[in-house]
Amino acid sequence: MMLLKLACYSLGSRLGTVLLTVLMMSVSVFVLLSVENIRHQAKESFQQSVSDVDLIVGPRTGQINLLLYSIFHIGVPTHNLSWNSYRMLQQHQDVDWTIPLSLGDSHQGYRVVGTEQQLFAHFRYRADQALDFASGQAFNKTYDAVVGAEVASSLGYQAGDEIVLAHGIADTSFSRHDNHPFQISGILKPTGTPIDRSVFISLTGLEAMHADFPGADTAPNLTPQSVTAVMVGLKSKIKTFTLQREINQYAGEALQAILPGVALSSLWSMLGGVEQTLWVISLLVLLGALIGMVNVLLLSMRERQHELAVLRALGYRPGFLFALLQLEALLITVSSIIVALLALAAGDIWLRQWLLSQFGLFLSESLLQPGMAHLLMGIVLAAVVSALLPAINAYRQGLNLQLR
Amino acid sequence: MLLIDNLTFRYPGDDRDLLHIPHWQVEAGEAIFLSAPSGSGKSTLINLLAGILTPQQGTIRLLDTLINQLSARRRDAFRARHIGMVFQQFNLIPYLSVMDNIRLASHFSALSAAEADKRASQLLDKLGLTEAEAGRKAGLLSVGQQQRVAIARALINEPELLLVDEPTSALDTAHRDRFIDLLMQQLVPARTSLIFVSHDTSLRSHFSRHVEIGALQHDAA
């Protein structure tokens with residue numbers, strides 16, 4: 001009790017320096033916790049951007065490319081997969097369902113994806129989560145569009161609004177399909193996947209828009225010539241590798257089938273360097289803060305010689321002085337952790353929205369989770385180890401001290 | 001009470017003994033004025049008596065305990081229970097209240113916390129410190145007040161030996177005499193022995209016996 005009182009009052013008597021040290025430490029703890037969390041959850045969010053799709057089929061480009069087009073709607077497809085090949089997949093005996101995807105257009109910087117109704121029936125993300133409508137419904141008519149949650153919220157769209165799509169992916173594209181406005185038939189609920197940042201229209205709608213004449217509803221032939229990629233669901237997972245091999249060796253066209261899980265993992269491992277760099281930087285920030293704390297404690301030793309002498313004269317052991325310094329370091333560390341956790345809790349909401357809107361990263365769990373306990377224990381342990389330096393210094397001073 | 005026999009002490013690396021005391025005895029209840037010019041090994045003697053330092057040779061017997069043969073831990077415990085100390089300055093921990101400074105010492109006492117606090121209040125009262133002053137931070141008190149708190153703290157555990165080292169050097173003459181009077185009044189007759197170290201020999205009239213550190217080192221005092 002005496003020890004705790006002494007440590008508290010001693011820190012209190014150096015409040016300015018101590019508060020700065022706590023601030024420095026809490027910033028570093030905050031950074032460390034945030035990075036660790038986002039690192040962990042980004043991976044999860046990334047890996048969960050598609051589920052239940054057994055194969056993604058496209059023209060032969062490389063699995064990362066295909067993944068970027070089909071799941072993240074990133075990049076410009078160089079060539080497409082012919083309609084005949086799509087028909088072949090659709091009618092294959094092992095195939096349960098297919099979702100065609102056609103890229104190439106945009107709306108205010110958001111990608112337009114031509115697809116079919118199956119998207120809403122079969123596409124799954126995270127743990128078997130289907131797409132839900134926040135309002136409205138799937139596209140029925142040729143000039144219907146469904147927009148993702150983020151598109152709707154950032155552009156202020158509601159079901160029933162009319163939008164104009166542009167050719168190409170640049171926001172300022174000159175060739176706008178002005179004469180073919182689309183009507184928003186439905187808005188999807190937020191998913192935390194690239195779906196949120198996409199505009200979905202039917203393949204027919206896509207063709208009609210490009211056919212470039214009014215009244216396309218009555219046009220004779222709106223069958224697409226090709227699609228960019230196809231997501232495939234199988235009747236039995238056992239057939240996955242058989243079908244993959246079959247597609248890769250398809251004689252009609254140079255095709256490629258990838259396993260989404262495998263491709264996501266290999267894409268993530270490409271990003272792993274960034275992840276590790278972030279981690280190392282946050283560890284270095286913590287190291288800097290610990291050195292700062294040790295420095296403050298060591299510097300205080302000079303002015304505290306009399307204090308230590310008084311304690312020794314009263315019969316306190318050198319071990320007590322050691323414990324005093326350790327306790328002071330511990331109090332600084334624990335206060336810093338509390339400040340960091342409070343900041344994290346306060347920043348949770350803000351950070352969540354920012355990550356979702358800027359990076360499409362969906363943090364499913366709270367930033368404060370039980371798993372952080374290990375990390376916090378590690379920080380406390382690191383502080384205790386660093387505080388050995390001033391604590392041993394105090395012990396030795398206590399041992400060799402003379403009263404005068 | 002205190003018996004020193006054939007004591008020699010030198011600091012590591014020195015080529016001659018700093019202290020050599022063949023024999024010195026102090027009875028219980030004695031108030032001794034030990035006059036010691038600076039550089040005479042005065043601090044060293046105090047550290048030896050307090051059990052902070054141990055002699056290379058000889059024995060220091062306090063209350064029938066050979067303190068130079070105790071382990072470091074036991075010496076610290078012995079000091080806490082049986083020896084009170086008042087220094088020249090820097091007696092108190094400035095950021096603690098007066099009461100908390102005294103509690104630092106009474107922490108080792110056999111009394112309960114409440115009893116010790118009661119005793120501390122009585123002591124402070126006798127020493128002329130008000131209750132309001134007892135609650136203030138020690139660093140905010142005047143030097144004279146701090147010295148009185150130091151006496152209270154040194155006596156809270158009713159030590160058999162009170163070591164006082166140049167406590168009056170920061171005080172003017174009037175305060176100095178008052179300080180010594182106060183100190184003497186608090187001693188339990190025939191129980192507490194006082195060793196008062198100073199270079200100011202004009203103070204010696206207050207004490208029952210006057211010893212010079214130089215004389216101590218040559219013949220039996």
Check your understanding: Looking at region A:118-155, which of its residues are open to solvent by less than 50 Å² (accessible area, probe 1.4 Å) and within 16 Å of residue A:107 (Cα to Cα)?
Key -> A:143, A:144, A:145, A:146, A:147, A:148, A:149, A:150, A:151, A:152
Exercise for review: Could you list, in sequence order, all residues of region B:49-87 that are part of a helix (DSSP H, G or I) and within 24 Å of residue B:102 (Cα to Cα)?
Suggested key: B:49, B:72, B:73, B:74, B:75, B:76, B:77, B:78, B:79, B:80, B:81, B:82
Revision key, fill the gap. For region B:54-92, the count of residues that are farther than 20 Å from residue B:18 by Cβ, of a type in the set (A, V, I, L, M) and in contact with a Phe, Trp or Tyr (Cβ under 8 Å, 6 or more places away or on another chain) equals 4
Check your understanding: Within region A:1-39, restricting attention to residues that are within 16 Å of residue A:329 (Cα to Cα), open to solvent by less than 20 Å² (accessible area, probe 1.4 Å) and small (Gly, Ala, Ser), which residue is nearest to the other protein chains (Cβ to nearest Cβ)?
Key -> A:10
Review point. Say we look at region B:159-186 and pick out the residues that are at pLDDT below 85 and assigned to a loop (DSSP other than H, G, I, E, B); which of these is nearest to residue B:23 (Cα to Cα)?
Key: B:166
Check your understanding: Does residue B:4 satisfy the condition of being crowded, with 20+ Cβ neighbours inside 10 Å and more than 14 Å from the chain's Cα centre (by Cα)?
Key -> yes
Exercise for review: Would you check if residue A:310 is in a helix (DSSP H, G or I) and more than 10 Å from chain B (Cβ to nearest Cβ)?
Suggested key: no
**Study point:** Single match in A:331, A:264, A:278, A:286 (criterion: open to solvent by 40 Å² or more (accessible area, probe 1.4 Å) and farther than 30 Å from residue B:104 by Cα)
**Key:** A:278
Practice item. Kindly list the number of the only condition in (1) part of a loop (DSSP other than H, G, I, E, B); (2) touching a residue at least 12 places away in the same chain (Cβ under 8 Å) that fails for residue B:7. Key: (1)
Review point. Does residue A:112 qualify as being surrounded by fewer than 20 Cβ atoms within 10 Å (Cβ to Cβ) and not aromatic (Phe, Trp, Tyr)?
Key: no
Check your understanding: Can you name the number of the only condition in (1) over 27 Å from residue B:212 (Cβ atoms); (2) within 13 Å of chain A (Cβ to nearest Cβ); (3) not small (Gly, Ala, Ser) that residue B:117 fails?
Key -> (2)
Review point. Counting just the residues of region A:62-99 that are assigned to a loop (DSSP other than H, G, I, E, B) and open to solvent by less than 40 Å² (accessible area, probe 1.4 Å), which one comes out nearest to residue A:251 (Cα to Cα)?
Key: A:92
Review point. So which residues in region A:306-353 are within 30 Å of residue A:398 (Cβ to Cβ) and β-branched (Val, Ile, Thr)?
Key: A:310, A:332, A:333, A:334, A:337
Study note, to complete from the structure: Inside region A:190-205, the number of residues satisfying the requirement of being under 14 Å from the mean Cα position of the chain (by Cα) and outside any helix (DSSP H, G or I) is 3
Revision key, fill the gap. Restricted to region B:73-98 and to residues being over 16 Å from the mean Cα position of the chain (by Cα) and either closer than 19 Å to residue B:122 by Cα or facing chain A (nearest Cβ under 8 Å) (or both), the residue most open to solvent (accessible area, probe 1.4 Å) is B:73
Practice item. State whether the residues of region B:143-158 include one that is assigned to a loop (DSSP other than H, G, I, E, B), farther than 23 Å from residue B:39 by Cβ and in contact with a helix residue (DSSP H, G or I) (Cβ under 7 Å, 6 or more places away or on another chain). Key: yes
Revision key, fill the gap. Among residues of region A:365-404 being within 24 Å of the chain's Cα centre (by Cα) and at pLDDT 80 or above, the residue farthest from residue A:126 (Cα to Cα) is A:376
Exercise for review: Quick one: in region A:314-327, of everything that is at the interface with chain B (Cβ under 9 Å from one of its Cβ atoms) and open to solvent by less than 10 Å² (accessible area, probe 1.4 Å), which residue is nearest to the chain's Cα centre (by Cα)?
Suggested key: A:318
Check your understanding: Does region B:99-142 hold any residues that are touching an Asp or Glu at 6+ places or on another chain (Cβ under 9 Å), open to solvent by less than 50 Å² (accessible area, probe 1.4 Å), within 30 Å of residue B:74 (Cβ to Cβ) and not in a loop (DSSP other than H, G, I, E, B), and which are they?
Key -> B:99, B:102, B:106, B:138
Revision key, fill the gap. Subset of region B:68-85, residues touching a helix residue (DSSP H, G or I) at 6+ places or on another chain (Cβ under 7 Å) and either at pLDDT below 90 or aromatic (Phe, Trp, Tyr) (or both), comes to B:78
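The values are calculated or read from the model by the stated rules, or taken from the named source; none is laboratory data. Just so it is clear, the model here is predicted, and its values are computed rather than measured. Because the Cβ atoms are built from the backbone with ideal geometry, glycine has one as well, and the counts that use them run over all protein chains shown. Accessible surface areas use protein heavy atoms only, side chains included; no ligands, DNA or RNA. Shrake-Rupley method; radii C 1.70, N 1.55, O 1.52, S 1.80 Å.
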